[in-house]
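**Q** Mind having a look at this structure? Questions to follow.
The values are calculated or read from the model by the stated rules, or taken from the named source; none is laboratory data. Here the structure is a predicted model, which means the values were calculated and not measured. FYI the Cβ positions are ideal-geometry reconstructions off the backbone, even for glycines, and counts take in every protein chain you see. Heavy atoms of the whole protein, side chains included, go into the accessibility calculation; ligands, DNA and RNA do not. Shrake-Rupley method; radii C 1.70, N 1.55, O 1.52, S 1.80 Å.
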Amino acid sequence: MYGKYRGTLLIATTQDGNSHVLEGETLTAWSWFLAHLREHVTDKDGICLISDRHASIKAAVANEALGWQPPHAYHVYCVRHIARYTPCKHIFDRNFDKFCELSPPVKAWIGKISKEKWTMAYDKEGRRYGHMTTNLSECVNKVFKGCCNVPITALVKSTYSRCRKYFVDRGRQAQREIRDGQIYCSHVMKKLRENQEKACSHIVRTYDIQRTIFEVEEAFDPMTQRGGHKWTVNLNERYCQCGQFTTYHYPCSHIINFYQYIDVVYTNDYILRAYSAQWWPLGNDDAIVPSDDPWTLVPDPSFIRDKKGRPRSTRLRNEMDWREPSQSRYKCGRCGTVGHNRRNCPLQSQQGSC
């Protein structure tokens, strides 16, 4: 928050099956936030919580009383990319071994973190649904743009109003698709059409009379030098060796008859239920009945922001926040060239010499 008082707006973001997206980071703040998230938002078991490795978040999640330990929830970390987010375990292991050979210190450091916390290949039950970073929470910044500069009361009202609009719009979209006879959301249907196009070039070999175990061979593309892999498919176990079936919970291009294997979260009925909660108008502030409870609002002086200097961020920055050398933030106001400002502009020295 950037107003008179210091503070951090804590946000919990989730995503529906249609890929629509509706951070003081202290132990006390995160514990309070996660407890209320469980009490007022969801009591569902098996939730996958993706966050950075902030010490306060890890400590709050470790508190079993808050309900964010297995089997109620599974805490994993946000990563940038390793082995191209591959869901295939043997490809990941091969690339990871090469990666560790290049830097023994990195191998020692990353070896202390369980692979289940940061890899897609070791996400055995696909709890991430393919999400490897906290980009879900970054996407919501657009929704709350400008909210961090207003007082708390206005912030709460703005958050309520903007969330209400998103819920109504997404719910109406799901209703339209249901009326049009579309069982599954447009996002997954697009992916399935792409997989069907890829499947046209696959060679399928059946290994049992029940037609549940297959070997699928991809065609080799001499132009891109890709393809030519063989993958084992077991329909009874909803398993494909490529890992995508388990990761995304809808069939990859190696599964031919696929509709019965699509996860229920991708159905428009399920998405409609996610947005069916009733929202109520806040009404006029003058109509709020005053409380009879004797209480006094006392501001905490320690939370007043220093007037001088830029607010210090507690955000744990990762590769997504770094700038490439070519992406300089400085642009000259005199000549428009990137890499310097008007004070040290070459044109200024040329004009002075003239």
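**Q** Sequence-distant or interchain residues sharing an amide H contact under 5 Å with Arg128, placed H: which?
**A** none
**Q** Another question about this same structure. Quick query: amide H of Cys48 versus all other amide H atoms, modeled in the peptide plane; which residues come in under 5 Å with a sequence gap of 5 or more or a different chain?
**A** Residues meeting the criterion, in which the H sits 1.01 Å from N, are Tyr74.
**Q** Now for a separate question. Say R0 is 45 Å: what FRET efficiency, to the nearest 0.05, do Leu102 and Leu49 get from their beta-carbon distance?
**A** Step by step, r from the Cβ atoms, then E = 0.90.
**Q** Further question on the same structure: Could you compute the FRET efficiency for Glu39 and Asn234, with r as their C-beta to C-beta distance and R0 at 56 Å, rounded to 0.05?
**A** 0.85
**Q** Per residue, how much accessible area does the range 183-253 show when a 1.4 Å probe rolls over the protein heavy atoms, in square angstrom?
**A** Here the per-residue accessible area is 63 Å².
**Q** What whole number of Å gives the distance from the Cα centroid of the range 152-217 to the Cα centroid of the range 35-73?
**A** After rounding, the separation between the Cα centres reads 26 Å.
**Q** Residue by residue, what Karplus-based ³J(HN,Hα) values in Hz, rounded to whole numbers, does the range 270-281 have, using 6.51, -1.76 and 1.60 with θ = phi - 60° and x for Gly and Pro?
**A** Result, ordered by residue: 5, 5, 4, 5, 5, 10, 8, 4, 7, 9, 10, x Hz.
**Q** Pop a pseudo-label 7 angstrom from the Cα along the beta-carbon direction at both Ile113 and Ser276 and give the gap in nm to one decimal.
**A** Output for this residue pair reads 4.0 nm.
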